[in-house]
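Heads up, the thing below is written out as structure tokens.
The values are calculated or read from the model by the stated rules, or taken from the named source; none is laboratory data. Keep in mind that what you see is a predicted model, and the values were worked out from it rather than measured. When we count neighbours, we look across all protein chains shown, and the Cβ atoms used for this are built from the backbone with ideal geometry, even at glycine. We work out accessible area using only protein heavy atoms, side chains counted, and drop any ligands, DNA or RNA first. Shrake-Rupley method; radii C 1.70, N 1.55, O 1.52, S 1.80 Å.
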Amino acid sequence: MIERYTLPEMGALWSDENKFRKWLEVEIAVCEVHADLGTIPRDALEQIKSRAKFSVERISEIEKTTNHDVIAFTTNLAENIGDAARFVHYGLTSSDVVDTANALLLREACDLLLKKIDTLLETLKSRAFEFKHTPQIGRTHGIHAEPTSFGLTFALWYDEMRRNRERLQRARETVAVGKISGAVGTFALLDPHVEEKVCARLGLKAAPVSTQIIQRDCYAEYLCTLAIIASSLDKFALNIRHWQRTEVGEAQERFTVGQKGSSAMPHKRNPIISERICGIARVIRAHSIVGLENVALWHERDISHSSAERVVLPDASIALDYILHKANSLIAGLVVHPERMLENLQLTKGLVFSGQLLLALTQKGVSRESAYEWVQRNAMKVWDEGKNFQELLKSDADIAMHLSAAEIDSAFGFESYLRNIDAIFERVFREA
């Protein structure tokens, strides 16, 4: 991922330095198990642990000749360790190291992402309660529907992010799997208990069965989970972009001192963070397709997945980390305009209360079909002629036979639309 969208902690996790550090951690764990089992001398283990060092620059230099990064890595280790280096990578194939190390990297990436999700959940909860009883027009098909609570939107997003947290926790368990089973997964040079002991030292589960590699459905699940989370953030940001439209004006991104919206139009305040989240979400979703394509490999393993994974695993992790951070600051700093919400509620001259009028007529014994026709014909006059809905209803002879003026007036209020908000919040946040 480009530096512009890379936060320090997640960027450091996916650095070459940390990757090789994880490779070394796996190699040392294997040596420790061999020493415990008496396969290699104890003094050789101590020499390996005390002298095993690597240089990213030196590995890159060696790889120019070997054209194989793991061999370049072990060669660099051998240069520093000396004679005991013959016991490093003992009985292993490259993927034993790379895939087991990937499990460590992906697990740590999940932990960083989970922390950011937890922060976002707290922000969503805070804003939900802040605007719990703030009326806003609900929209279906982009058209004014019925009044709702602005806080209910944040409660909805909270519930969705809670599901995303559960998804990521499951993906964390799925990828935290190692393998030390050899070139085709048959333990030809090692016994299965070596794998079990190595994975236990690293806090990983041992794959029950593997080929030369951990099967890539595990990585696909991780990448698809990241894509789902990114899609949720895309959804949130898209809503905010709509609220910030000039014609809507119900909420907007915080515009800081010195910030500029346009090189040509000094008046502009654009939803740039929301748009950035939407754009990067597309990149993350595209990476999930690569993860799915990598599931199908030839026989016990080919290498077609490897080059793609060097891009998509770090980039998807870094990108989601970034937009989670941005989404939290966006929502925490969102500038809300309740007064504009009231203006928009009144924009259609009372049409948003049509559902309550329909129900009131049916409660008086009018058939639903007739009640719908009476209310709709007046609503269409509002749309087409710009008249006041409430006054039209009072002058409609059919409606006046069943509803008094006071009963019509009583249907034009927010109370019934918001009366169950407390119950919804209780369900959402009690379950949390």
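Can you confirm whether Ala286 is open to solvent by less than 80 Å² (accessible area, probe 1.4 Å), part of a helix (DSSP H, G or I) and within 20 Å of Arg4 (Cβ to Cβ)? Spell out how you get there, then give the answer.
Numbers: open to solvent by less than 80 Å² (accessible area, probe 1.4 Å): yes; part of a helix (DSSP H, G or I): yes; within 20 Å of Arg4 (Cβ to Cβ): yes.
The answer is yes for Ala286.
Report every pair of residues separated by at least 6 positions or lying on different chains whose Cβ atoms are under 6 Å apart, first residue within segment 344-355 and more than 17 Å from Ser410 (Cβ to Cβ), second in a loop (DSSP other than H, G, I, E, B).
Between residues of segment 344-355 that are more than 17 Å from Ser410 (Cβ to Cβ) and residues that are in a loop (DSSP other than H, G, I, E, B), the close pairs are Lys349/Asn388.
Quick check on Val30: is it open to solvent by less than 30 Å² (accessible area, probe 1.4 Å) and either β-branched (Val, Ile, Thr) or closer than 23 Å to Leu313 by Cα (or both)? Reasoning before the result, please.
On the way: open to solvent by less than 30 Å² (accessible area, probe 1.4 Å): yes; either β-branched (Val, Ile, Thr) or closer than 23 Å to Leu313 by Cα (or both): yes.
Judged against the criteria, Val30 is a match.
Please go through segment 121-151 and give me each residue that is over 18 Å from Glu339 (Cα atoms), among the hydrophobic types (A, V, I, L, M, F, W, C) and either assigned to a loop (DSSP other than H, G, I, E, B) or without any contact (Cβ under 8 Å) to a residue 40 or more places away in the chain (or both), ordered by number.
Ile143
In segment 94-109, which residues are polar (S, T, N, Q) and open to solvent by 10 Å² or more (accessible area, probe 1.4 Å)? Reasoning before the result, please.
Our first condition is that a residue be polar (S, T, N, Q); within segment 94-109, this holds for 94-95, 100, 102.
Scanning segment 94-109 gives Ser94, Asn102.
Taking the criterion of being part of a helix (DSSP H, G or I), over 17 Å from Cys110 (Cβ atoms) and among the small types (Gly, Ala, Ser), would at least one residue in segment 204-215 satisfy it? Give the derivation first.
As a first pass, look at segment 204-215 and keep what is part of a helix (DSSP H, G or I): none.
Scanning segment 204-215 turns up no residue that is part of a helix (DSSP H, G or I), over 17 Å from Cys110 (Cβ atoms) and among the small types (Gly, Ala, Ser).
Quick one: count up the residues across segment 257-281 that are in contact (Cβ under 8 Å) with a residue 24 or more places away in the chain and in a helix (DSSP H, G or I).
Summing the residues that are in contact (Cβ under 8 Å) with a residue 24 or more places away in the chain and in a helix (DSSP H, G or I) in segment 257-281 gives 8.
Can you tell me which residue within segment 242-288, out of those that are modelled with pLDDT under 95 and of a type in the set (Gly, Ala, Ser), is nearest to the chain's Cα centre (by Cα)?
Gly261
Any chance you could count how many residues in segment 1-27 are buried (at least 17 other Cβ atoms within 10 Å of the Cβ) and assigned to a helix (DSSP H, G or I)?
Residues meeting the conditions: 11.
Scan the helices (runs of 4 or more DSSP H) fully inside segment 359-432 and keep the ones with 2 or more residues being acidic (Asp, Glu) and modelled with pLDDT of 95 or more.
368-385, 421-431
So Leu238 fits all but one of (1) under 26 Å from Leu347 (Cβ atoms); (2) touching a residue at least 60 places away in the same chain (Cβ under 8 Å); what number is the exception?
Result: Leu238 passes all but (2).
In this structure, is Pro41 under 30 Å from Gly279 (Cβ atoms), open to solvent by 30 Å² or more (accessible area, probe 1.4 Å), without any contact (Cβ under 8 Å) to a residue 60 or more places away in the chain and of a type outside the set (S, T, N, Q)?
no
What pairs come up if the first residue lies in segment 160-179 and is farther than 28 Å from Gln212 by Cβ and open to solvent by 30 Å² or more (accessible area, probe 1.4 Å), the second is of a type in the set (Ser, Thr, Tyr) and modelled with pLDDT of 95 or more, and their beta carbons are under 9 Å apart, counting only those six or more places apart or on different chains?
Pairs that qualify, where the first residue is farther than 28 Å from Gln212 by Cβ and open to solvent by 30 Å² or more (accessible area, probe 1.4 Å) and the partner is of a type in the set (Ser, Thr, Tyr) and modelled with pLDDT of 95 or more, are Arg163/Ser232; Arg167/Thr225.
Find the residue count for segment 289-323, including only residues that are in a helix (DSSP H, G or I) and either in contact (Cβ under 8 Å) with a residue 60 or more places away in the chain or among the aromatic types (Phe, Trp, Tyr) (or both). First the steps, then the outcome.
Our first condition is that a residue be in a helix (DSSP H, G or I); within segment 289-323, this holds for 289-293, 304-323.
Then keep just the ones that are either in contact (Cβ under 8 Å) with a residue 60 or more places away in the chain or among the aromatic types (Phe, Trp, Tyr) (or both); that gives 290-292, 305, 309, 312-323.
Going through segment 289-323 one residue at a time, the tally reaches 17.
Given the conditions (1) touching a Gly at 6+ places or on another chain (Cβ under 8 Å); (2) surrounded by 19 or more Cβ atoms within 10 Å (Cβ to Cβ); (3) outside any helix (DSSP H, G or I), report the number of the one that Gly91 does not fulfil.
Going through (1) touching a Gly at 6+ places or on another chain (Cβ under 8 Å); (2) surrounded by 19 or more Cβ atoms within 10 Å (Cβ to Cβ); (3) outside any helix (DSSP H, G or I) one by one, Gly91 breaks only (2).
Could you identify the single residue in Arg340, Arg368 that is open to solvent by 30 Å² or more (accessible area, probe 1.4 Å), charged (D, E, K, R) and under 41 Å from the mean Cα position of the chain (by Cα)?
Residue meeting the stated conditions: Arg340.
Sort out which residues of segment 214-233 are over 21 Å from Gly178 (Cβ atoms), in contact (Cβ under 8 Å) with a residue 60 or more places away in the chain and open to solvent by 20 Å² or more (accessible area, probe 1.4 Å), and write them in order of number.
Cys224, Ile228
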